[in-house]
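Working notes, beginning with the structure itself.
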Amino acid sequence: MGRSTSAPMHPPTLMTDRAADAWVMGCPPEMVRIQGFCVDRYEAYVVELDEDGNEHPHSPYLVVDGLIVRAKSAGHVVPQGYISQVEATAACGEAGKRLCDETEFAFACRGGPDAAAYYPYGGTVDIPGYCNEGKGSYVEMVFGSDPDDWTYADFNDPALNQIDGGLAPTGSYPHCVSPFGVYDCMGNLHEWGSDPADSEGHGRFRGGFYGDAEENGPGCLYVTSAHELAYHDYSTGFRCCMDAAGAEP
């Protein structure tokens with residue numbers, strides 16, 4: 001079990017014919033257009049911004065507290081865990097984007113907000129191994145089985161997402177792709193939504209993570225509402241959306 005917190009190498013973005021077409025459709029090349037909005041094809045990683053606006057690598061295994069970061073999206077990159085809704089909102093904003101809302105997430109994951117499918121690959125039956133999920137609590141694996149012994153720091157330990165077989169680089173599960181070509185909406189990392197705080201001050205994250213994508217609803221219907229907007233742990237990630245250029249308001 002490694003504890004290296006060095007930042008991964010991120011691949012350059014190549015302007016393929018498909019990417020060029022994305023610009024024509026009113027979305028940046030790393031996004032997919034769905035009706036009038038764009039959604040990141042992959043879960044986000046982040047880069048740090050210095051006071052001059054220059055980008056610097058950030059390890060996806062470290063929390064984002066106190067940093068100014070910008071969201072990025074690419075395949076075969078370790079996505080950013082350990083991030084709150086507050087921080088994810090700011091990271092999307094630095095990229096000229098925003099967090100996805102509930103309807104947008106449903107579209108991206110299920111093929112539409114009212115689609116019959118519970119899972120991005122279709123149907124209402126979970127197919128083990130199609131998405132990165134069902135691996136249990138890595139906090140328990142590392143820090144023992146008694147929840148009374150766990151601390152908030154334990155849930156944010158950089159070692160958790162570096163255990164072999166846990167968090168996977170984006171797009172590693174070829175079956176875990178929606179009809180729109182959006183990867184990892186189910187499993188890998190929870191994805192913060194743009195939901196405002198409820199009466200108890202809690203936000204929403206969706207889709208489950210590599211430990212579980214069934215306990216709070218199946219696959220695309222999974223939603224957790226037990227944490228405040230500033231909460232983060234090893235399981236919490238995000239992706240961004242934006243309005244498509246030229247879309248009707």
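The values are calculated or read from the model by the stated rules, or taken from the named source; none is laboratory data. This is a predicted model, so every value here is computed, not measured. Glycine gets a Cβ as well: all are built from the backbone with ideal geometry, and neighbour counts include every protein chain shown. Side chains are part of the model used for accessible areas, which takes the heavy atoms of the whole protein and leaves out ligands, DNA and RNA. Shrake-Rupley method; radii C 1.70, N 1.55, O 1.52, S 1.80 Å.
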Measuring from centroid to centroid over Cα atoms, what is the spacing of region 99-159 and region 25-86 in Å?
19 Å
Can you give me the distance in nm between label points at L62 and D114, each placed 7 Å from the Cα along the Cα-to-Cβ direction?
4.8 nm
Which cross-chain or sequence-distant (5 or more) residues have an amide H under 5 Å from the amide H of F37, H modelled 1.01 Å from N in plane?
A244
Taking θ as phi - 60°, what are the ³J(HN,Hα) couplings along region 186-191 by the Karplus curve (6.51, -1.76, 1.60), each to the nearest whole Hz, with x for Gly and Pro?
9, x, 6, 10, 4, 10
For region 39-47, take each phi angle, set θ = phi - 60°, evaluate the Karplus expression 6.51 cos²θ - 1.76 cosθ + 1.60, and give the result in whole Hz per residue in order, putting x for glycine and proline.
9, 4, 5, 10, 4, 7, 10, 10, 10
Considering only protein heavy atoms and a 1.4 Å probe, what is the carbon-and-sulfur percentage of the accessible area of the chain?
53 percent
When the helix-only estimate is applied to the chain (DSSP H runs of n ≥ 4, each -39,500 (n - 2.57), divided by the residue count), what is the mean residue ellipticity at 222 nm, nearest 500 deg cm²/dmol?
-4000 deg cm²/dmol
Label-point separation, T124 to H175 (7 Å along Cα→Cβ), nm:
2.0 nm
If R₀ is 30 angstrom, what is the calculated FRET efficiency for the pair A226 and Q35, using the beta carbon separation as r and rounding to 0.05?
0.45
Suppose the chain between D52 and N216 were pulled fully straight at 0.36 nm per residue; how much longer would it get relative to their current alpha carbon spacing?
54.8 nm
Expected unfolding gain across D243-D154 under the 0.36 nm per residue rule, minus the alpha-carbon gap, is 28.3 nm
Highest mean first, what order results for 201-208, 182-189, 214-221, 63-70 on Cβ atoms within 10 Å?
182-189, 201-208, 214-221, 63-70
